[in-house]
Every structure is written in structure tokens, then in C-alpha cells.
Amino acid sequence: VAFLFPHGIQSDGVVNTITPGGYALAGAAAFSGSVTHSLSTALLAFEVTGQIAHILPVILSVLVANAIAQKPPESSGWPWCLPPTCPPAVRPLY
């Protein structure tokens, strides 16, 4: 984003600069939200940092991370292999 808008994003005569801390805040909240399967990490990020200006990216990143984390896993990753013919890394230990 900083490459596309090196002087910031201008809206109604106000220039909003690109701050890397906003991306770090959104990434940290999304990671902790996906690990804990909770949306409250977005609120905790705002409470701890006091940065309410990044509310939309943080909430969207936490929602997307939770949606990806709650996706049901596939069975084994090797749906075509039966135990005698599986590769050694997938073969069960029995």
C-alpha cells in the first residue's frame, strides 16, 4: 500500500499516512483470534493499544482468520492412499 500511495491516502483534503504499526496490530489480533477461536481479540487489541483508528482492518482480519481457522480439516491429505500403499510420512504406526 505504501508503494502505491507513498505520500499517504488523501480524502476530503486530509492526508492519512500509511503506518506499518496498523498492519502489525491487525496481524497480531488476527493470529491470536484464530488460535483462540474468539472475536474478542479485536477488542483486546483496541483496549491495550488505544488505537481505535484501525478498527475496520483489525475486525475484518480477525473475522477472516476465524473463518479460516474454523474450516473443518480434510481427512488425511492423501485421500487415495490405503495404509499399505501410503508414503512413509503418512503411513500409520501399527
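Kindly check whether there is at least one residue in segment 17-34 that is among the polar types (S, T, N, Q), loosely packed, with under 15 Cβ neighbours inside 10 Å and free of Cβ contacts under 8 Å to residues at least 12 places away in the same chain.
yes
Which members of segment 15-42 meet the condition of being closer than 15 Å to residue 65 by Cβ and either in contact with an Asp or Glu (Cβ under 9 Å, 6 or more places away or on another chain) or among the hydrophobic types (A, V, I, L, M, F, W, C) (or both)?
Listed by number, the residues that qualify are 24, 25, 26, 28, 29, 30, 31, 35, 39, 42.
Collect the residues in segment 7-16 that are exposed (fewer than 11 other Cβ atoms within 10 Å of the Cβ) and closer than 17 Å to residue 55 by Cβ, keeping them in residue-number order.
Listed by number, the list holds a single entry, 11.
Bear in mind that the values in this text are calculations on the coordinates, not laboratory data. Just so it is clear, the model here is predicted, and its values are computed rather than measured. Here the Cβ is made from the backbone with ideal geometry for all residues, glycine too, and neighbour counts use every protein chain on show.
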